[in-house]
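Read through the structure below, which is laid out as structure tokens, and then see the notes.
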Amino acid sequence: MKQKIVIGNWKNYLDVHETLELATKISNQEIQDNIKLMISPCNLYLNKVNQILKETSVEVIGQNITSYESSSDTGGVTAIGLKNIGVNRSIIGHSEVRKRNKTFKSEDILKQIIPAKFNFVLCFETIEQIPFNMLNNDFEIILAYEPVWAIGTGETASIEHINEIHSLVKAELLGLNLEIPVLYGGSVNPNNSNEILTQELVDGVLVGGASTKYEDLHKIINSI
Ligand code: PGA
């Protein structure tokens, strides 16, 4: 089976001690070759977590960016700022960001970061939210299907539903000759990760709550 991507989105669940403790446990863990693990801690601890994990195969990524260049953007996070601390990828358009910012349009941020080839994981709830014409194969782009009703609710989408959406997205990508992995996110846990991760059309999972518990994350990355 090809390598699958597991992204742990720690959101703002953990305090500084919990974050550093979990990152240290992960740094001591053996990760199989069939898994590419990425961890997305809260911005406040991004630099520290990146230092803890920098000698490992685990990639530390941002949870959000608001612009590419430094700008008059109070409370924002720039891609340049992330690069400065050695972080070369970020989640974009998570549904919790879209909820906070009703006018959010991924095009606004993608047009800044795509020319700079800044790697990203674009979350979408509907296929219409994917700006296919902006995507390319020049650097590492990842898409993540995250139905909002499945996020943090314990209600995972059915395998049939995941496969249906993923096959529609993959057909679009194929038509454009784009080789872009498509992940699923929404209440992934140790009990459903094997079934989801072993689907041919699923290139990985984006995990929120369960990724903040070491045992659960360990089981998820060892479930295939
Ligand atoms: P959840 O979150 O796994 O807690 O549902 C997923 C996400 O928000 O990416």
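The values are calculated or read from the model by the stated rules, or taken from the named source; none is laboratory data. These numbers were taken from a predicted model, which means no experiment stands behind them. Here the Cβ is made from the backbone with ideal geometry for all residues, glycine too, and neighbour counts use every protein chain on show.
Mind telling me which of the residues E125, E140 ends up being among the charged types (D, E, K, R), out of contact with any Leu (no Cβ under 8 Å at 6 or more places or on another chain), surrounded by fewer than 21 Cβ atoms within 10 Å (Cβ to Cβ) and under 21 Å from N88 (Cβ atoms)?
On the way: E125 fails: under 21 Å from N88 (Cβ atoms).
After applying the criteria, what remains is E140.
Residues that are within 15 Å of the ligand (Cβ to nearest atom) and β-branched (V, I, T): which helices (runs of 4 or more DSSP H) entirely in segment 118-224 hold 2 or more of them? Break it down into steps so the answer makes sense when it comes.
Working: elements: 159-175, 193-197, 214-221.
Helices (runs of 4 or more DSSP H) meeting the threshold: 214-221.
Does segment 167-174 contain at least one residue that is among the small types (G, A, S) and free of Cβ contacts under 8 Å to residues at least 24 places away in the same chain?
yes
Within segment 99-122, which residues are surrounded by fewer than 13 Cβ atoms within 10 Å (Cβ to Cβ) and of a type in the set (A, V, I, L, M)?
A116 - this is the single residue of segment 99-122 that is surrounded by fewer than 13 Cβ atoms within 10 Å (Cβ to Cβ) and of a type in the set (A, V, I, L, M).
I'd like to know if segment 86-93 contains one or more residues that are more than 16 Å from the chain's Cα centre (by Cα), modelled with pLDDT of 95 or more and farther than 24 Å from N136 by Cα.
No, because not a single residue in segment 86-93 is more than 16 Å from the chain's Cα centre (by Cα), modelled with pLDDT of 95 or more and farther than 24 Å from N136 by Cα.
Go through segment 1-39 residue by residue and tally those that are more than 16 Å from the ligand (Cβ to nearest atom), touching a strand residue (DSSP E or B) at 6+ places or on another chain (Cβ under 8 Å), within 14 Å of E59 (Cα to Cα) and polar (S, T, N, Q).
0
Go over the candidates I26, I65, I52 one by one and state the one that is closer than 26 Å to M134 by Cα and buried (at least 19 other Cβ atoms within 10 Å of the Cβ).
I65
Looking at segment 93-112 only, could you name the residues that are within 11 Å of the ligand (Cβ to nearest atom) and of a type in the set (S, T, Y)?
Once the filter is applied, which keeps residues that are within 11 Å of the ligand (Cβ to nearest atom) and of a type in the set (S, T, Y), segment 93-112 yields only S95.
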